[in-house]
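**Student:** Take a look at the following structure, please.
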Amino acid sequence: MTLEARILDAVAAGRDELVELTARLVGFDTTARAPDDPPRQEADLQAYLGDRLTAAGASVDIWEPDPADVAGSRQMPPGLRFDGRPQLAARFAGAGGGRSLLLNGHIDVVPSEPRDRWTSDPNAAEVRDGRLYGRGSCDMKGGVACMVYAAEVLARLGVRLRGDLIVNTITDEESSGAGGLAAVRHGVKADAGIVPEPTAFEVWVACRGSLTPTFTVTGRPGHAEMAQPHWRDGGAVNGIEKMAVILDAVGRLREEWRGSPLQRHEHLPPGDIIPVKISGGEWTVTYPAACRMTCEVTYLPGRADAEGWGRDVEAEIEAWIAAAAKADPWLAEHPPLVEWDLDIPPAEVDPSLPIVQTMMRATERAGRPGVLGGLDSWFDAATFTRFGGTPSIGYGPRSIAWAHTVDEYVPVDDLVTCAQAIALAAVEHCGAAE
Ligand SMILES: [Zn+2]
């Protein structure tokens, strides 16, 4: 029996174990939390995986990063600490002479609200009709279970890889990417990486970055039920109506990007700018003195600056908004304020890289067609690719389209296929010493 057939059989025979592992992970409450929220069960989950991976023969490192480890990055929220947010890196040492492989997954999940709409408890996994239900089953505790199980099966079969196999589970992907960056700065690194996010078995080679501008427009308060003189004569100016100028400019920029050759990518949609929050006004009988609007901006890898960040996109947006403001007499003299929140950088890898081709072959052997794709949003592969020297792809069970939903689930068949494909990819990439 070939090694490939032994791997496929062993994972298929371990179906119930794989379900049990996924269910255990769903059972830990690792809901994403704000910097100041108290710890949940992140440490318990990491300790559980650490014990399993140690038993499988890995040397396991679990650590709470120092805040200084991620300081100074445009991606990091100020004041983030890692108390109760341990990261894990488990190394299966290779025999030598092969390429190393990183398997990376995030353990945090989005909140389960509204919980009362779930058919079953989101933190108590339940299998119904071949689907495992629970928060994180799709994004991405299912994928984490697959990569851990793939490593365990290889160990159990006595497969000695030539290159190192590193299993890395991290926190804070759903909020900022702090766990991934902390891992990179801790030295977690390999010749290539696989991140089993729910890609519907596509091999993701690209993702977009994001920026979050907030525009503040000032008006001038006055009695809203009284006729007003011209603003040059001291009359009131409606801050909300002045924001309409900015709102219109944002819509025109979006259209501009949709038609621009700079905004084309084989696996990603064009960059986008979407108003997501707006507030203004102080009193029902008063002209609003100000209005604030926040937008969510996504940008393509090709729009990143030389260091990989979105500074050029920021400059383009500021110039566009400034031009629109100049055309309005009030805004020309009272220019809108633009503030920038975090910069989440985009990334892409060359589809001709060995890891991409290896993953395409592995998924075909596990019974799913090899298809290249990209993620419209962002995931941790970007951090490892950009800052860690580890070109990384996405490949995993179920589809990101069904992440973050009520009654989130992963098909059990998907788990089996994914674990098979990852195990095969590890053997091909790292080489088998036997
Ligand atoms: Zn995810």
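**Student:** Would a scan of the stretch 119-132 turn up a residue that is of a type in the set (K, R) and crowded, with 20+ Cβ neighbours inside 10 Å? Break it down into steps so the answer makes sense when it comes.
**Tutor:** Pass one, the stretch 119-132, residues of a type in the set (K, R): 128, 131.
Going one step further and asking which of them are crowded, with 20+ Cβ neighbours inside 10 Å, we end up with none.
Within the stretch 119-132 (the criterion being of a type in the set (K, R) and crowded, with 20+ Cβ neighbours inside 10 Å), the answer is no, since none of the residues qualifies.
**Student:** Here is a further query. List the residue pairs whose Cβ atoms are under 6 Å apart, where the first residue sits in the stretch 191-206 and is over 11 Å from G105 (Cβ atoms) and open to solvent by 10 Å² or more (accessible area, probe 1.4 Å), the second is part of a loop (DSSP other than H, G, I, E, B) and at pLDDT 95 or above, and the two are 6 or more positions apart or on different chains.
**Tutor:** Going by the 6 Å Cβ cut-off, the qualifying pairs are D191/R99; D191/S100.
**Student:** Would you check if there is a residue in the stretch 14-32 being open to solvent by 60 Å² or more (accessible area, probe 1.4 Å), aliphatic (A, V, I, L, M) and in a helix (DSSP H, G or I)? Don't jump to the end; show me each part of the working.
**Tutor:** Taking the stretch 14-32 as the starting set, the residues that turn out to be open to solvent by 60 Å² or more (accessible area, probe 1.4 Å) are 15-17, 20, 24.
Cutting the leftovers down to aliphatic (A, V, I, L, M) gives us none.
There is no residue in the stretch 14-32 that is open to solvent by 60 Å² or more (accessible area, probe 1.4 Å), aliphatic (A, V, I, L, M) and in a helix (DSSP H, G or I).
**Student:** Moving on. Just give me the residues in the stretch 38-53 being open to solvent by 60 Å² or more (accessible area, probe 1.4 Å) and either within 23 Å of the chain's Cα centre (by Cα) or within 17 Å of V188 (Cβ to Cβ) (or both), in sequence order. Spell out how you get there, then give the answer.
**Tutor:** If we filter the stretch 38-53 for residues that are open to solvent by 60 Å² or more (accessible area, probe 1.4 Å), which is where we start, we get 38-41, 44, 51.
P38, P39, R40, Q41, D44 - these are the residues of the stretch 38-53 that are open to solvent by 60 Å² or more (accessible area, probe 1.4 Å) and either within 23 Å of the chain's Cα centre (by Cα) or within 17 Å of V188 (Cβ to Cβ) (or both).
**Student:** How many residues, within the stretch 191-202, are in a strand (DSSP E or B) and within 16 Å of the ligand (Cβ to nearest atom)? Even if it seems obvious, please write down each step before you answer.
**Tutor:** Initially, the stretch 191-202 is screened for residues in a strand (DSSP E or B), giving 192-195, 199, 202.
Filter once more, so that each one left must be within 16 Å of the ligand (Cβ to nearest atom): 193-195, 199, 202.
Going through the stretch 191-202 one residue at a time, the tally reaches 5.
**Student:** Taking the condition of being of a type in the set (A, V, I, L, M, F, W, C) and either modelled with pLDDT under 95 or not in a helix (DSSP H, G or I) (or both), how many residues in the stretch 181-190 meet it? Lay out the reasoning, then the answer.
**Tutor:** Step one: of the stretch 181-190, the residues of a type in the set (A, V, I, L, M, F, W, C) are 181-184, 188, 190.
So of that shortlist, the ones also either modelled with pLDDT under 95 or not in a helix (DSSP H, G or I) (or both) come out as 188, 190.
Adding up the residues that qualify gives 2.
**Student:** I'd like the full set of residues that are of a type outside the set (D, E, K, R) and more than 16 Å from the ligand (Cβ to nearest atom), limited to the stretch 157-177.
**Tutor:** L157, G158, V159, L161, G163, L165, I166, V167
**Student:** Residues being touching a Ser or Thr at 6+ places or on another chain (Cβ under 8 Å) and either open to solvent by 80 Å² or more (accessible area, probe 1.4 Å) or part of a strand (DSSP E or B) (or both): count how many of those fall in the stretch 216-233.
**Tutor:** Kept after step one, since they are touching a Ser or Thr at 6+ places or on another chain (Cβ under 8 Å), are these residues of the stretch 216-233: 221-224.
Subset that is either open to solvent by 80 Å² or more (accessible area, probe 1.4 Å) or part of a strand (DSSP E or B) (or both): 223.
The qualifying residues number 1.
The values are calculated or read from the model by the stated rules, or taken from the named source; none is laboratory data. For clarity, every value in this text was computed on a predicted model and none was experimentally measured. Note that we place each Cβ from the backbone using ideal geometry, even for glycine, and neighbour counts take in every protein chain shown. The protein model used for the area step is the full one, side chains on, heavy atoms only, and it has no ligands, DNA or RNA in it. Shrake-Rupley method; radii C 1.70, N 1.55, O 1.52, S 1.80 Å.
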